[in-house]
Each structure stands twice: as structure tokens, then as C-alpha cells.
Amino acid sequence: MANLLKSSAAFREKALECGLLDAQLAVLEGKGIDTLATLAYVLTTPGVTPSELALRELLDSTSPDAVSLQALASIRRLTFEAQTLCIAQIKASIETEGEPKVELAPAERAQRIAAQKRRLAGFDLTGPLENAYSNYVYVSAMVEHDHPQWLELHRFIPRSQEISREKPGKEVILDESAKLSIRDRRTKDRCQIQNELQLAEAMTRRALACDLLQVCTFSVMERWHRYLLNKLSTPPPPNYRPTSMEQVLRADRQAWIRLAEEVPSLKRDPAGQLPLDLAFPRLQIDPHVTYFLQPLQGKSFLKNAGADEDPPPAPWRGRGQAKGSGKAPSELQADLRANVDQAGEKFLCGSFRHGGIHGVFSATREFPLSVAALIAFVRISMPEFQFSSIALHRDISTCCHKDTNNFTDHNLVCPLSEFGGGEIWVNEPGGLATRLVNGTQLPGRLFSVSDGPVIFPARACLHSTEPWTGSRVVLIAYAGGDHNAMSAADQTFLEQLGFPLPQDSGTDCPPVTWQPDVPVDLQPFLNKVQEVSARKCAERVFRAVGVLIIRPPMVCQIFEVMHVSCDGSHEHLPWGRLPDGGWATKSEVAYPPLMCKCLAHSFVSQLQALGAKPLPADLHAAQLQPARAAQIATSHQPSKRLPPLVAEYAKVVTVTGPASLVPSALKLEADWPVPSVCKTQPPAQALPQGSKRLSSFPVRGDPEGLDSLGPESPVTASFGVPWSPANFVAQAIKCKHPKLLASALPAPLKECIDHCVSMSPVEIAKERTANLRQWMLRAKELAAEGEEPLVSPHCKDILANKSMRLLGEMISASGYGDSRLPCDIGKGFDLLGPIPDSSGVLPKKATYASLSVPEVREVARDNQRCVWQAVSDSAMSMSADDLAVATEIYKLTLAERDEHWVEGPFSLEDLPADAILTRRFGVVQSSWDATKGSVKKIRPIDDFTESLANLTSSSSETIAPHGVDCIVAGLLTCKHMQCISRACRAKGIVTIHDDLAASLLYLRDRVVLGEARSVSSAHRQTFHLFTDASLENGKSGIGAILYNSQGLVVNWYSEEVQEEVVSALNVDSKKGFIYEMEAFAAIHGVIRLCQKLRNVDLIVYCDNQATVAALVKSSSEAPVVRGLLVKLNDVETSRGINCWFERVASAANPADAPSRASVANLPLHCRIRWHPTFDASDLD
């Protein structure tokens, strides 16, 4: 809006729209009135109506009466709109929360774009170089702040991407003043930068946007961009890698940081120069920027650095190098390596064909044993299948394509992990599964890979991968190119590995046969692999441990930290039996600490590689359960420890280098400059004082056992960099109160609420009516089409009136995640075996079967006789009531048979030998009927535990029902309300019996006599209180600082605690009683510094974990702390202060200085003086 008021083009457009003529507009512009902001104040202030004479004189000062009525109406309208816009701008600047949106007026934008095209004639500003309008908004925000800030290249999207994006939805915002508002959902569009061309285009768009907003001229910024791009093609020194795109992006970011440090304003100087025009050329010689563009060390450098050191581990993927027909060009190698989806990984071995080049993937020669194992697996699964290539895919989703380079028609796909979905769709005439391919619906068939190996025509038919849940690892065997066109050496090599090479391209494929058991002929290979294990020891003690790790190259290399060789300078304890006959390891109860740490680190790394999430660093990253989120949203701090509101460390830096150079101390006593031979991630030039060593592990050793644990052995250590007090305070204030971070509403429910509140009741009713009409008509259309293809024959009677196709279309239209639900219902759910998952809709929780289905089938005959005998024995001893229940259950079962839900009855001899026999019993349930009163109903229950059926069930998901407290409270209230409702519905005189009396008293106590609950929508400000206590050199002190939500100091204190007070606090005469002192400082910080605060949220930070735990629980075993907590509870209740307690590290605590009487940096006028006292009356 501000740009609209200040734009000359917008003023001219608005004037012409109001009806002013060009001549009249020229008169206004001649008087200097060329913006709406000028016009709003030229006659009167906004809100005061100008007189008619003033308006006439504005257009014609010499002859006001000559102004026509049409011109008078036009200038009056234009003046009114200008004043209204000014008032709206002032109101928006006061009421708008957060950063206001600044954008160019459309007329101003169009005028500037046209002028830019004329100025840059010969430069095509269309297509990928045409800026999206959001780019101008992004740069305008920087202009509004009048200070350089990093303009991220990914944010500069082309205009075509902006036009094609979907319209953002609405969202409901609840601000700190408990005010609801609805606005468009804010989205940050990002463009893809995956190659040098896309990088250059994004740079040019940024230069054009900055030139349009008069931040920097196009030529100057484009010259900086050319400098960065030239670095990508600059040849590096020997044994170094060329500069990468990541380095260019980091250098660009550092350049803007340097601009922010050196350029105070973006406005032109008195000479008319733009500050950035003068600053950009200096960046090319700025060492802070050029440091990021230096070539990095390559593999050859490390190989030449020392013969005793290992080279970096080679990647497991093949490099695409052809054999036999000559070395493949580097472009081909890059093309083959680039064929890896970012969402997963792949491993390729065997033969390949690319264009006219035939060769062998280099991974085939790098990992011959692994390739031989894969070949053996395929030949076991499908003995007659012929292939020359194998691919392992982990979480790779392929789009619709044909394998035109294959030598034969068919591919074999075998599952190697458990996952849901992930079928292969294959184009097939007459297929029921249709997919949209290039704008056309094509029929096809789904091949379920998760159930076992499948074969499909990959060369002739289009095919693609369906969505899946879990980790999808599959093996694909195929004929990747004509092996006859390869050299004889390559062909012989493939045959020696065991590849069954196809005889000709027309070789057909046999039916699929699944053989999951590993036969004996694979055992010799496994024995051969076991022979290559090497003796290792993790420390210079104990025995040499033989570690054998068999893993495909694709699997995460988790055990590399265990691969440390012994230097042979010490002796190991013996293995086997001792002279007394006992085992040598019998008395051992511990393993070397380093070995245990490395093993634990390895398993954690593997779990994270498989999708496990590490512990969240702060509360923002935590995924809380609904009950826990509801507690936090209501400002109730749970007693169980939560992730901190602010992360423990400002950042974690990983350092890799020689052990003699990497610090071994647990805490750095001084700043540590990073040596040039050490690598850090993220990049850092030094580690500050106070950084803590979190972990340290040896880097993967030499597989031949040549390296040692000497001082030059490489190690990888992680260091936690502490916050500075000022940065911690800024981060804490930025995080706000925890109640604003957690939401007790599930995402679908919140989306539904957001959708409903964004429309009026009439609109909601219309939408629902339209949806009902749409689906009712669709149901009729599907019913007229006939049979349901998704329903199995044995489920047709049960689902006779249910359309699974309609349910599937409704699920697809609603965006619900469980798209497989209609197929699962139509197929029916097996009572034995795994339970189908919900495609990720329900929470993840794996449960595992105790018995397999074949095992239960194997003992089914014996279990049948046991269940039959147990039922017969129980029938002999039934009471009359039990017999009545059993009779009713039998009638209900016969009714189910008549509905074709079950079959029978059968005798024991009629049952198949592997049938699962289940006992059925009845449960009596009571309900209330308005006319019949209390009615008892019998519900049949099948005992699948006794029949062992439940023991075969497994699942990867679970449901999240309400807790026991919610269920009990709901049932209790429901019970009393039902009792009162029955009395209300009764006819005639109602007798107040004991149950009704209890229910009425329950209602009276909670409604009539219950304490009124106060619900306030008042704005609750958030304050941050930091406290600390010190006990050093015989002196004791306490300090506290109170900050407001803007980070300004409100109050603070710094007081020395006299010896008599210290003695009174230390009632148990403990040597270390900092716990009581910290609690004393924290609670008196609330009492003394918050005297004027009412109805606020207060976050209290303390650097003693025991004190924080006592404050959260509001209880303590120490009598001193218990007495202080009573005072704190009184203050919280009387002043309406809601406290939340957090821990802060001592190095980051700003109250550490005032607790030691260091108050130089604190404002003196905010100091609160008091005399710390404590006596026996303060004890609980």
C-alpha cells in the first residue's frame, strides 16, 4: 500500500480512472502533485473534507468557476480515495502483526518493467529470465528495511512457475491477543537449481529484480554473478577438486553478509551513486568471500599425503565406466551416475548399453563377491530366468517409461524388504487400473511386488512405480544391452561371476516361482565370504575381536567406525579354553569402552539411515502426542522432561583430522583455530572457548590392517558450540511461549476447522449440498455400470449395497491418505498374517507375530481337538443363564450363516486338517430403550487367542485412543446424564432412587455449586526471567534479569548473600548446596522483579537442572525449597502469572554476571535493590 501511495504511475492510473482529463492531470503534475500521498495532504489532513472552492482552485487557480461539474466530481473522488488509502495505511501499520507485505503497485510495476526493457534493449527478458511478481515483493522487503540482507537465489522463480502454481488456501491465525483472523496461507516458492544453467538463470533474475527496485544496477550485479560462474570452470591445481555449485552458493551468501556489515543504507549517496554499486566490485578481493571459492582437496591429494593413511572410501555406486569397447567418455559416466533419484539410492552391476556403447558397470569389478551373491539369489528365486544385469533400488520411484535399451523383453523384480504398496503399473489393453500418461488415460495392470517376485514386459510396455509406505528395497534382474556386442573379456568375466546370459533377444521367461528358503548350494559362497574377515581390536587390551560384516554396497556403512586395525605392538589375551578347562571369556563382564561407544554409534547411525528420527534438539522440532500437545497449549508444563525451548548448543560442528590435532579435552579452555588439514562440517574457521566435545570416533581404518591407533590416526569429533548470553536471549525471545508452538488438534481436524471458519454457514450448506448431490449421482452411475471390480467373490453378498469404486473416488477427491482402503475392504481382511497398513495415515508402531501362518496351520489338527474338547467340557457345567446366552449365540451364528457371512455347521470330522477352529462366546450388554426400559443385548465374541490366530498378526501401525483418564471421566459423566435423561423421559410420577439422587447431586456440585471457570481473551504478554546464584571463594551472590518480549531489560537485581543467610539456607550443613541457592535466586526473581506484572506468561531460565525439576513439579525434599515453592505458588495465583521453567547453560546465562556483582552492561535505572533474608518461618 505504501508503494501505491508513493507511485507516480499509480497516481496517473487512478486519476484517469476517476475521470480527469490529460490536461487537468498535467495541471496537477505541474504543481508537484504526482502521487496519491501528496494529494491526500495538499488541501486538508485525511479525514477532513476539503471545500469545493479548494478543489476548484486545485484544477484552475485563476478561474475556479470555470471548472466543470464533471471535473469537480473527479477531483473530489480522487482526493477522497487518496485520503482513505492514507488512513488505511496508518491503521494497517499499527494493527498488522509481523512483517508487513510490501509490493509495487501494478501500474508502477508495469511502468518500471517497460522502462527496463527499453534500457536493456537486445536482452530477452522473457521465458526463464522473466521475473515472477513475488520476486519484486521479496526485494521490496529489503528496500523497506533500507539495509542489505541475503537474497536467496532459490527464491527468484520465473514468471511461468508463479502463473502455474495452485492458489494458496486459507489459514486461521490466533495471535497473542487471542484474536482470530483468516488470511491466505503463506508459501515460499522456490525454484530448482540443479545445474549451472539454472544457477545462471536464477542469478540473472535476481540482478533484474534488484535493478528494477533500484537496489543495484544490472550490469554491476551481473558482473558479480559472472565472477562466481567463472569459478565453476576455472581449472583447479593438481590434486584439488574444481569449485562446486555448493561453494558458489555459500560464497554468495557470505558476500551478502559482508554487504550487510559494510553498507549501512541502500539509498543513493549525494553524488547519486547506489551504495551496492560501489560495494560489489570489492567483494572479488574480499578474503571473507574468496575463502569459500578455494578448490578443495581431492582424492589424489589424500593419497599422496601419506602412504599409511587410507584414501576416502569409494562410493558404492558404479561410475558408469565402460569396458571392452574402450573407456566411456566422462559425459557418459556422469550421465550414468546422475540416474539416481534424490529420494533413494541404486546399485547397478552387470552389462549396460548407452547409445552405441556396450560395457560392464565398474561396480561389477569393484564388488565381485556382492555381485556373485546377488546373482545366486536371483538364480535361486527364478532358476530359468536369463539376465545380464542387476539393479538394487532403495526408495526409487520411476515415472512412466519403457526399457528400450534392454536386450530381452522381460524384467524380474524381487522384494528385499517389507513395505506396503509399491506395485508396478504396466500398460495392458483391457486392464482395470488406469493411469494418466501424457494427458491420456491408459489401461493397465498392477503387479504386487511386496507379495513376491514378479515378471513383466519392460521393453515393450510402459510401466511405472506406485506409491508405497515403509522402505522399499527391490532387486531387478534384466538384460541390460546386447552382451554379444561386448568384448570377449567382458563377456567371459560376466559368465565367471555366474550371469546366465540370454541366448537371443527373443528368449521368453518362465512363470514366477517363489523360493524364500536359502538352499545348500549358496552355503559355499557364504563360507567363502566368512574367510575374508580380519582380526581387529578396538583398544590395546583384551582379545583380538574378529568382526564380520556382510552388507550390500547399497546399505549404509554403519560399521566403518569399528573397522580399526591393530598396530601389532601389544599382545592379546588368548581365546578358547584355559588350562583349568574353563573358557577364556567366562569371567569377562565388560568390553573396551571405545569399542562399546563405536558399536552404539554404529547402531544409532543405522537406525537413522533406516528412517528413525533422532531426539529433537528443541521443542520446535518435537512431534508431540495429542495429549501432551494439549497440555502445552493450555500452558500446563508436564512433569516429564520435554525437549528444551532453545537448543542446548548454538550449533554442532563435526571436525575430522589427525588425532594429534583434534582437541581431546571435554571442554575447550580457549579458542581453537581449525588447522588447514582438518575438515569441519558445517565450515568453521575456529571453535570458541567453552565448546564441549560431544563424541569422538576413529575414522574407518585400512582393510589390510596397516594403520594404527597412533597419534596421526584420523578421528571424527563432534563439538557443541555454546550460545553467547546475548544470542541465547535473542533466540529465547524469538521462540516465544511454548503454548504457541503446540497444537492439540490433529492435522485433518485443524484443516477441517480452517476450511469451515473461512466460509459462512450458507456457503458451508451449499458446499455440502453440492457434494451430496454429486456423490449421489455418481453412485447411480456406478450402480448402472454393473459389477464391482474391486470386490472379491466371497465378499459380494456382504458388500452387496456398498460401492467400493465410489468409496475410492471419494477418498481420492478428499485427499485422504489411505487410498488402498477400498481394495482392502473389497478383498477382505485375512484373520491370519499381517494386518494391512493405512498408507501412513495412522501412527507408526511395529508389532511382530509370534508364530507364522504355516506353523499355526501345522498344529491346527491338534488345536481343533483341544478347542472342541474344551467347549464340550464347558457345556456340561453351564448354568441356566450361561446356557441361555449360548443358545442365543447359536441363533445369532445361524443368522450370520443365512446372510452368507459364514458357512456351516460342520462336525469335527468335516473340518480340513489345517482349518483354524475358534471358540465363540457371548457378552451381555445393557442398554436403555424409551419404551421398553432397560434392554439386555448379547454380542458374540470370537476367541482368536485360544486358536493361536492372534499370534500370527503383525502390523506397522497403531491407533491412538484416548487415555484412561479421558475415558473414565467421559464414562462417569455419561452414566449420570443417562440416568437423569431416563428420569426425564419417564411418564407419571418419578421416584428418586439412589442412582438418580447421586446423578442429581453430581450435576448440582458441578453446575450449581461448582466454582466458576474464568475464560479470558485478554492479551497475555510474555516475559523472560534469567536467574543465577554463585558460591565461590567464600562469597555468595544471586542475580536475575527480566526481559520483555522485545528483548529489553525491564528489571534486574544483583545482591550479595550474607553468611548468616547462607547458613540459614544450608539447614543440612551440606558442602555443596548450590541447589538451594539457585532455587532461592529463581523464586525471589519472580517475587521481586515481577511485582507490577499481572496476567502475563513468564518463562524462567535457570542453569541448575535439579532446581528446574523442583520448580516444574512444585515439590522438593529439601525443606528450604518447599517453603520457597509455597511463596511462589501464592505469587502465581495472586498476580495471575503463568510460569514455565527452562534450563539454560551457565555460559549462556546472562544472569551469571550479576550473580558475581558484574553489572557494567546493565541499565542502572532498572535495578531493584533488596536485602536477601531467610529465617525459620520460611521453612515448610
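Rule-based calculations on the coordinates, nothing more; no lab input. Owing to the predicted nature of the structure, the values given are computational and were not obtained by experimental measurement. Here the Cβ is made from the backbone with ideal geometry for all residues, glycine too, and neighbour counts use every protein chain on show.
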Please list 3J(HN,Hα) in residue order for segment 25-30, calculated via the Karplus relation 6.51 cos²θ - 1.76 cosθ + 1.60 where θ = phi - 60°; whole Hz, with x for glycine and proline.
5, 5, 4, 5, 5, x
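Between Glu896 and Ile835, what length comes free when the chain is fully extended (0.36 nm per residue of separation minus the Cα-Cα distance, one decimal in nm)? Each step should come with its number before you reach the end.
Values: separation 61, 0.36 × 61 = 21.96 nm, distance 2.38 nm.
So the chain would gain 19.6 nm between Glu896 and Ile835.
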Which of Lys651/Lys736; Lys6/Lys91; Lys613/Lys827; Lys750/Lys975; Lys640/Lys1035 exceed 27 Å between C-alpha atoms? The answer is Lys613/Lys827; Lys750/Lys975; Lys640/Lys1035
Diffing segment 191-205: the Karplus 3J(HN,Hα) column from phi (6.51, -1.76, 1.60, θ = phi - 60°), in whole Hz with x for Gly and Pro, holds 9, 7, 10, 10, 8, 5, 5, 5, 5, 5, 5, 5, 5, 5, 4
If amide H atoms are built 1.01 Å from N in the plane of the peptide, which residues on other chains or at least 5 residues away come under 5 Å of the amide H of Gly833?
Thr952, Ser953
Under 5 Å, built H, 5+ apart or other chain: amide partners of Tyr240:
Gly298
Thr434 versus Glu781: modelled label distance in nm, points set 7 Å from Cα along the beta carbon direction
1.0 nm
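Calculate, for Ala1106 and Ala621, the FRET efficiency according to 1/(1 + (r/R0)^6) with r their C-beta to C-beta distance and R0 30 Å; round to the nearest 0.05. Numbers along the way, then the final one.
Values: r = 26 Å, r/R0 = 0.86.
For Ala1106 and Ala621, the calculated efficiency is 0.70.
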Using per-residue counts of other Cβ atoms within 10 Å, averaged over each peptide, order 1051-1058, 255-262, 609-616 from highest down.
1051-1058, 255-262, 609-616
Under 5 Å from the placed amide H of Leu1098, counting only residues 5+ away or on other chains, we find Phe1023, Asn1138, Cys1139, Trp1140
Run the quick spin-label model on Asp277 and Ala23: label points 7 Å from Cα toward the beta carbon, then report their separation in nm to one decimal.
4.0 nm
